[in-house]
Amino acid sequence: MAADLTPTDEPDSRSDGTAAEPAEEVFNAMEAAKILGVASARLSRYIEDLRLDVRSGKGIRITREDLEVLRAYHRNRADGPRFRESEQAREYSEALKEYARIFRSLKQLATEALKHEKRLRKAVPAALAAIHTLPEPGLVLMSPLRITIVPSGKRYRASFPEADLEGMGTTRDEALLELRREIVRAYKRLEEGRLFYKEDPERLSALKTLITRRPAGASERLDTTC
């Protein structure tokens, strides 16, 4: 019988009697600035100074609690600074600003130095050299060949402008030696009538005025003398 008297159908007062919590009050940047009586730019500065996490996508979402923090900060600034940073913090801030200034200056100097280095590389004067002999016993130079040697990237280019011939090498000497070999190859090819390029006839004419063949007997006498 006692079990029958147990009130099982009474409503749960804990669930039904609880009042709904009010929705959180939120302001956008324009509303908050109007309430505080400050410009939007100053409001943004306050938020940055206080490091408030009020960003919401591309906009700003300021709660009532954040607004009170901003209001107090604004009043403190208006009445004068009440919170003074320590000497150590001030020194750190000044040193950081100076470091940033020096870093920007160094970056600008590095950019300027790189620009002038490129100018210097392009303006390197050509070195002058002369070829007195060719690596072919049967070929003799009428007079020394005037050669120019210039840097080409990480290598060097030796040029013989009269015949439009050149040789490349990792050093100036290598470039000069390669040009000597190229002159011999070009002379032999053109002398045999193998003209592959439109400038070959002019090149052969230029080489003929500078190079001649040593008579066979003279070369034999030279070898015997040596």
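Just so it is clear, none of the values below were taken in a lab; they were calculated from the coordinates. Here the structure is a predicted model, which means the values were calculated and not measured. For neighbour counting, all protein chains shown are included, and Cβ atoms are generated from backbone atoms with ideal geometry for every residue, glycine included.
Could you run the Debye sum over the Cα atoms of segment 127-225, one equal point scatterer each and no solvent, and tell me log10 of I(q)/I(0) at q = 0.12, 0.13, 0.17, 0.21 Å⁻¹, two decimals?
Values, matching the q order: -0.42, -0.48, -0.78, -1.06.
Can you tell me the length gained on complete extension of the stretch R119 to Y99, counting 0.36 nm per residue apart and subtracting the Cα distance?
On the way: separation 20, 0.36 × 20 = 7.20 nm, distance 3.02 nm.
So the chain would gain 4.2 nm between R119 and Y99.
Name the long-range amide H neighbours of T63: under 5 Å, sequence gap of 5 or more, or other chain; modelled H, no Pro or chain starts.
F27
Take D200, D49 and order them by how many other Cβ atoms sit within 10 Å, fewest up front. Mind showing how you got there, number by number?
Numbers: D200 16, D49 11.
The most exposed by this proxy come first: D49, D200.
Which value in nm describes the separation of the simple spin-label points at T111 and R61, placed 7 Å from the Cα toward the beta carbon?
Going from the T111 label point to the R61 one covers 3.9 nm.
Report the extension gain between K198 and R45 in nm, rounded to one decimal, defined as 0.36 nm multiplied by the number of residues separating them, less their alpha carbon distance. Don't skip to the end; give the middle numbers.
On the way: separation 153, 0.36 × 153 = 55.08 nm, distance 7.37 nm.
That works out to 47.7 nm of additional length.
Arrange the peptides 166-177, 137-148, 87-98 so that the one whose residues have, on average, the most other Cβ atoms within 10 Å appears first.
On the way: 166-177: 16.8, 137-148: 14.9, 87-98: 10.1.
So the order, starting with the most tightly packed, is 166-177, 137-148, 87-98.
May I ask you to compute the full-extension gain from R146 to E25, defined as 0.36 nm times their residue separation minus their alpha-carbon distance, rounded to one decimal in nm? Intermediate values should be presented prior to the final figure.
On the way: separation 121, 0.36 × 121 = 43.56 nm, distance 8.90 nm.
My answer for the length gained is 34.7 nm.
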